[in-house]
Amino acid sequence: MLKKHYTNIKMNKPTKIIFIAFISLVFLFFKTVVASEKIKIGLLVPMTGKNKDLGQSIIKAVSLAVKDIDSDLIEIIPKDTATKPNQTLRSAFELKEMGVKIVIGPIFYESITYLDEMKDLTFLSLTNKTLDLPKNVISAGINSTSQLNTIKKFLKKNNIQRTIFLTPIQDFEFEVKRGIKNSKIKIFKDYVYNTDPTKLTSQIEEITNYKIRKQNLEDEIYRIKKSNEINKEKKIKRLEKRYSLGGLNFDAVVIADFDESLKSVATSLLYTDVSPKNKYFITLNQWFDLSLLDETDIQPIYYPSINKNNFNNYKNKFYKEFNEYPSHLTLLSYDLVGLVYYLSLKTNLSNLNKLFKKKNSFKGKIGIFDIKNNKINHRLNFYKIEDKKIIEIF
């Protein structure tokens, strides 16, 4: 009824002009009031201690983001965590006393321990861990769900049906399991392994049934030697070039590991006659680890990651501004400033935490963030390293 009533109101021309002028004045007044409210963003980073260099780099990245946004409304207030839970809590309390509602940081999972005591603050931590987080802490890192959603997309595109998972017995083991559950990725078999080099090879042998396949080869060579088959010498020579005989019961292997441990697992797979030339070797986000370019034996190797072109452009911009190259974590903090600014235009800062419960999307340098139920997931790209080159798949 109200809608109909207002629709049927007729205005003469002078009335319309007065009405439009009134609306314009109201808009200008509202804009002035809003513009007077500063967007205070707390920043919790290590400014002392062993990680202070990383903290300083993140402060620079945040200042670069503010410069690029070019708004006088943003006020960044950095505080020290010293990578210690107690110091983090003290600094968070100081931010609260200064009227801060939203905080970028802390960086490390161990720093969030007591932050559930600061219920009026929302923390956008750079950690990629999602288990056992306080309700007011949101993981903004590249979490396992984001990565496995992307791997799932690749498997589907290539009709890969049988995928095994190899996960190390490490502190992120259960994060990977949560990602498997959340992404609903299909797994043929799931294995955990000990990263101890003295145990690793025997574990991979067992997973790939290497001893059985090796025995199959020896038995086949013996059988042909005892047979009357034509050209048996050629057949034997061909078999003697192999290391095993018999098919593997998987098409792809996801190695949930990093750095030298990842290389050790991949090398153990090669030792057990599993080659990336006929089985897909896939891993988690490697942040474009250039050392993998030289590992030609384990190529091609596939992984999800952020948009490489955007990352390179950001690194060049950072270097131009500060004469040094940034770490990947600084890109997260850069994007989070833009995210907070974007969301603050949609609501009052005191209600900002509610926006993280609703479904929202935001495009940053990393790519697209999907926000829902106090979680941030990233839509990632997918790459392979082959012939010492990083190649984008999608």
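We did not get these values from a lab; they are worked out from the coordinates using the rules stated. Because the structure is predicted, anything quoted here is derived from the model rather than measured. Counting neighbours? That spans all protein chains shown, and the Cβs are built from the backbone with ideal geometry, glycine included.
How long is the gain from K38 to T113 if the chain were fully straight, where each residue apart is worth 0.36 nm and the alpha carbon distance is subtracted?
Stretched fully, the K38-T113 segment lengthens by 24.1 nm.
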Measure of compaction for region 109-210 (Cα Rg per 2.2 N^0.38 Å): 1.34
Separation in nanometres of the label points that stand 7 Å from Cα toward Cβ, at K226 and R90: 7.9
For the chain, with +1 on Lys and Arg beta carbons and -1 on Asp and Glu, the positive-most of A140, N209, T347 along the dipole: T347
Ellipticity estimate at 222 nm from DSSP helix runs (n ≥ 4, -39,500 (n - 2.57)) divided over the chain, nearest 500: -14000 deg cm²/dmol
Part-to-part distance (alpha-carbon centres) for region 288-303 and region 307-331, which is given in Å: 22
Burial ordering of Y303, Y193, Y319, Y341, fewest other beta-carbon atoms within 10 Å first: Y319, Y341, Y193, Y303
Taking the chain and dividing mean pair separation by its residue count, relative contact order in percent (alpha carbons under 8 Å, at least six apart): 15
Estimated D of the chain in µm² per second, where Rh is the Kirkwood radius over Cα pairs and Stokes-Einstein applies at 10 °C, 1.306 mPa s: 65
Potential extension, E321-D68 segment - 0.36 nm per residue separation minus Cα distance: 89.9 nm
Given K135/K317; K157/K277; K60/K365, the pairs whose alpha carbons are separated by over 23 Å: K135/K317
For region 308-365, the fraction of alpha-carbon pairs in successive 5 Å shells from zero, as %: 4, 17, 24, 19, 12, 11, 10, 3
Label-to-label distance, nm, for residues given as N278 and I76 (7 Å Cα→Cβ offset): 5.3
Degrees, to the nearest 10: 52-69 long Cα axis against longest axis of the chain: 50
Region 102-164: proportion of alpha-carbon pairs further apart than 20 angstrom, %: 40
Residue exposure sequence - H328, H378 - by fewest surrounding Cβ within 10 Å: H328, H378
For region 167-229: span of alpha carbons on each principal axis (Å, largest first): 57, 30, 8
Hull volume in cubic angstrom per residue (convex hull over the Cα atoms of region 216-294): 109
